[in-house]
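The values are calculated or read from the model by the stated rules, or taken from the named source; none is laboratory data. Since the structure is predicted, the reported quantities are computational estimates derived from the model, not experimental observations. Heads up, the Cβs are rebuilt from the backbone with ideal geometry, glycines too, and the neighbour counts pull from every protein chain shown. Surface accessibility is based on the protein's heavy atoms, side chains included, excluding ligands, DNA and RNA. Shrake-Rupley method; radii C 1.70, N 1.55, O 1.52, S 1.80 Å.
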Amino acid sequence: MWLLAWIPALPLAAFLALIFWGRRIGRLSGWLAAAALAASGAVVWGLAPAVARGHHMAVRWPWLSIGDPRGAVGFLVDGLSWLMLVVVTTVGTAITVYSIGYMRDDPRFSRFFAYLSLFCASMLGLVMADHFVLLYACWELVGLCSYLLISFWFEKPAAAAAGRKAFLTTRLGDTGLLIGLLLLAWTAGDLQMGHLAAIREQFLLDGRAALLTGISLLLLCGAAGKSAQIPLHVWLPDAMEGPTPVSALIHAATMVAAGVYLVARTLPLFTPQSLQVVLIIGLLTHLLAGTVALTMTDIKRILAYSTLSQLGLMMTALGLGAMSAAMFHLFTHAFFKALLFLGAGSVIHATHQQELAHLGGLRRQMPWTALVFLIAALSMSGLVSLSGFWSKDLILLAAGQAHAGLLVLLLVGAAMTSAYVFRLYFRCFLGAAPQPVHPSHHPHESPAVMVVPMAGLAMGAAFVGLVGSPWLGQPLFRLLGEPPGHEGIDLSVVGLSTVALAVGIWLAWTVAFQRRRLLPVSLRPLGRRLYTLAARKYYVDEGYDRWLIQPFLRMTEAWARFDLRVIDGAVNRAGQAGWALSRLKERCDQLVDRLVNGLAHAIRGMGASLRWIQTGVVHQYLLVAVVSVIVLSVLVHR
């Protein structure tokens, strides 16, 4: 089973090759990255027969212990991880090929694909990790790669700020995840992913359900940061400052999917109380992000808030305990959301505009982009038989079985979904083209290297949902080891979701495209206030800035002044006192030196003055002795 190690190793090898020799490889860098990820995908698809038979494949090696199986780390491929591997390698390969055309004029072409390869390798390692330590290491590598890619155009201040914001915001959630893992290691003594069910049973038998709830909520912090759930969602819209293929990769196949996968993988640790928290957070994210998406005018930001909304829907399903439904929607969402972002990138590539006010009538100049974008929009809206229909209706069915009010709220969210995505489609591709900002530039269809990956994703957005449909016997649920969600099509749920789809499209056509006002005059002031509230993103960023960031900055400035005036002042005064003392000591030392030197000079002078009588002539010595005796005799006799 060492073949499993090749899945993350191939894109990792591409990263190493590109980071060291990328400039020499030049324009072949993109094809090398795409080939490495496609080769990983081939290995993943080669495991399909064994996974379909219910086999679990693993490779492990000892870590920090010998003979204790709890200390072994390694890779595991089961139905859940295999599904995620398919998403990362398949969608990731399409995005990588698309990037060859999108980034062809970028001066850091090879570096971009090096970062992209490391990003995919980290995500593949995260999905396959059989131990929380290895998962956390890959988790942090994913965060690092997202920073490098979001701020790839770091010469733009907005891109640099967006990278920092994403990195710091997700660190908050990752801190909770780290504390949760440390607490789990301390209390359970086991961090093997395959032992979670046994750990849960042991906690419940020991009467430590509250502790288990706390651990699961800490794990949810990490998932909320990566999957941009309220209140840690503020980084994701700003991440649109990165290149559009990065946005597609983050929003569809890698980073934001990691949080949903973590909750699904660790679902045995979640208690009814923590699942309620997951449900509430997911529902709030789904509805609030949907209302904000209705007001955005930047096409990438509309899709960013769309991702937030859809991730909230997946978390809602997880909160209901419908793990298969959540992962099914993650699977279908990866295809149509990647296609939506690549379609938006094609529009930006052709027009150099991403504001709706400067777009329109592109269906004539960009027919292929318009077609695949329409397929993705219909799939996300839940048109019957398309991929998004099967996964979304499964979540609606689970909500209806839990509570009728929850079903109503999700139907409202479904109507908003079709409204904001068709608002985007109508404003971009229909109507008359506005006066171009750059008259010399004319919109045109993207090159084949960009259109072909979009066509492949369009096939996925249309048909991959069949793997969870009753028409094919719902093989996806057997893959995940759970019973089928429903034996047949629930016509009542289909009818309600189709009505929600139609209402959303009608609102997009009437309000967003034809600019008709539906509210009565008396309610329009309230409508404007609600619209402004949603357009300002419910002032969450302003609230964070006022109540968290600015107080923190003021506190750090106060500590800086305290450090400068008190700590540094005390250190400086101590230094000055030491300097003065050393100067005094120096003067004393100089005085002692003068005394010693003066005594030495005096002795040397005396020696020099007496040296003249030391002639070595004995007669002279006798003469001196005789004269001395005579002089002394005279003096004595006086």
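A quick yes/no check of all residues on (1) without any contact (Cβ under 8 Å) to a residue 60 or more places away in the chain; (2) surrounded by fewer than 21 Cβ atoms within 10 Å (Cβ to Cβ):
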{"site": "His233", "(1), (2)": "no, no"}
{"site": "Thr244", "(1), (2)": "no, no"}
{"site": "Ser247", "(1), (2)": "no, no"}
{"site": "Thr254", "(1), (2)": "no, no"}
{"site": "Ala264", "(1), (2)": "no, no"}
{"site": "Gln276", "(1), (2)": "yes, yes"}
{"site": "Ile281", "(1), (2)": "no, no"}
{"site": "Ala289", "(1), (2)": "yes, no"}
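Within the stretch 401-411, the set of residues being closer than 16 Å to Met315 by Cα and small (Gly, Ala, Ser) comprises just one member, Ala402. Out of (1) at pLDDT below 90; (2) open to solvent by less than 10 Å² (accessible area, probe 1.4 Å); (3) within 24 Å of Lys337 (Cβ to Cβ), what's the single condition that is false for Gly74? If we test Gly74 against (1) at pLDDT below 90; (2) open to solvent by less than 10 Å² (accessible area, probe 1.4 Å); (3) within 24 Å of Lys337 (Cβ to Cβ), just (3) comes out false.
For the stretch 382-396, filtering for residues that are among the small types (Gly, Ala, Ser) and farther than 26 Å from Gly321 by Cβ leaves 1.
Of all residues in the stretch 207-231, those satisfying the criterion of being more than 23 Å from Val88 (Cβ to Cβ) and crowded, with 24+ Cβ neighbours inside 10 Å are Leu212, Ile215, Ser216.
Checking each residue in the stretch 362-406 for being buried (at least 17 other Cβ atoms within 10 Å of the Cβ), under 22 Å from Leu466 (Cβ atoms) and not hydrophobic (A, V, I, L, M, F, W, C) picks out Ser379, Ser381, Gly382, Ser387, Gly388, Ser391, Lys392, Asp393.
Among the residues of the stretch 177-206, the ones that are over 22 Å from Val73 (Cα atoms) and open to solvent by less than 70 Å² (accessible area, probe 1.4 Å) come to 1 in all.
Any chance you could count how many residues in the stretch 158-176 are surrounded by 17 or more Cβ atoms within 10 Å (Cβ to Cβ), closer than 15 Å to Leu220 by Cα and not acidic (Asp, Glu)? It would help to see each step written out before you state the result.
Narrowing the stretch 158-176 to residues surrounded by 17 or more Cβ atoms within 10 Å (Cβ to Cβ): 159, 162-163, 165-167, 169-170, 173-174, 176.
Now narrow it down to the ones that are closer than 15 Å to Leu220 by Cα: 169-170, 173-174, 176.
Filter again for not acidic (Asp, Glu), leaving 169-170, 173, 176.
Result for the stretch 158-176: 4.
Of the helices (runs of 4 or more DSSP H) lying entirely inside the stretch 255-351, the ones with 2 or more residues being more than 20 Å from the chain's Cα centre (by Cα) are found at 272-293, 299-319, 323-351. Within the option set Ser418, Ser446, being open to solvent by less than 60 Å² (accessible area, probe 1.4 Å), among the polar types (S, T, N, Q), in contact (Cβ under 8 Å) with a residue 24 or more places away in the chain and not in a helix (DSSP H, G or I) holds for one residue only, Ser446.
Whether any residue in the stretch 560-568 is in contact with a Pro (Cβ under 8 Å, 6 or more places away or on another chain), among the hydrophobic types (A, V, I, L, M, F, W, C) and closer than 30 Å to Leu172 by Cα is what I want to check. No; the residues of the stretch 560-568 include none that is in contact with a Pro (Cβ under 8 Å, 6 or more places away or on another chain), among the hydrophobic types (A, V, I, L, M, F, W, C) and closer than 30 Å to Leu172 by Cα.
Yes/no matrix, rows are residues, columns are (1) surrounded by fewer than 23 Cβ atoms within 10 Å (Cβ to Cβ); (2) in a helix (DSSP H, G or I); (3) out of contact with any helix residue (DSSP H, G or I) (no Cβ under 6 Å at 6 or more places or on another chain); (4) without any contact (Cβ under 8 Å) to a residue 24 or more places away in the chain:
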| residue | (1), (2), (3), (4) |
| --- | --- |
| Cys120 | no, yes, no, no |
| Leu126 | no, yes, no, no |
| Leu134 | yes, yes, yes, no |
| Leu144 | yes, yes, yes, yes |
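Can Asp568 be described as closer than 24 Å to Ser309 by Cβ, surrounded by 11 or more Cβ atoms within 10 Å (Cβ to Cβ) and modelled with pLDDT under 90? Spelling it out, it is not the case that Asp568 is closer than 24 Å to Ser309 by Cβ, surrounded by 11 or more Cβ atoms within 10 Å (Cβ to Cβ) and modelled with pLDDT under 90. Mind checking whether some residue in the stretch 29-51 is not polar (S, T, N, Q) and not in a helix (DSSP H, G or I)? Among the residues of the stretch 29-51, at least one is not polar (S, T, N, Q) and not in a helix (DSSP H, G or I), which makes the answer yes. Quick check on the stretch 239-249. Is at least one of its residues farther than 30 Å from Leu118 by Cα, modelled with pLDDT under 95 and assigned to a helix (DSSP H, G or I)? No; the residues of the stretch 239-249 include none that is farther than 30 Å from Leu118 by Cα, modelled with pLDDT under 95 and assigned to a helix (DSSP H, G or I).
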